[in-house]
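Take a look at the following structure, please.
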Amino acid sequence: MIEVETKVRKWGRSFGVVIPKEKIKEERIKENETIMLLIGKKKNVLREAFGTFKFKKSTEEMLRESNKECWDE
């Protein structure tokens, strides 16, 4: 099984994807062969991770502390 990042393109009234030739060779896929695709949108890892962090202090408290440290030096 391989993982490929590609763009969805419109073909007439349908959509399609292009599988790179080197990946076709790697998996030895032949014309008219049935394959299985797992489809998912590419996600922004940073955006997903940011929402999972739990801070003990509020943003305002952290900014006050960082500002205080900058001015105390």
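Tell me the label-point distance for the pair Ile24, Lys56, using the 7 Å Cα-to-Cβ offset, in nm and rounded to one decimal.
5.8 nm
Which lysines, on any chain, are close to Lys56 with Cα under 30 Å apart, when same-chain ones fewer than 8 places away are left out?
Answer for Lys56, where 30 Å is the Cα cut-off: Lys43, Lys68, listed by chain and number.
Just so you know, all these numbers are worked out from the coordinates, no wet-lab data involved. From a predicted model like this one, the values you see are computed outputs, not experimental measurements. For neighbour counting, all protein chains shown are included, and Cβ atoms are generated from backbone atoms with ideal geometry for every residue, glycine included.
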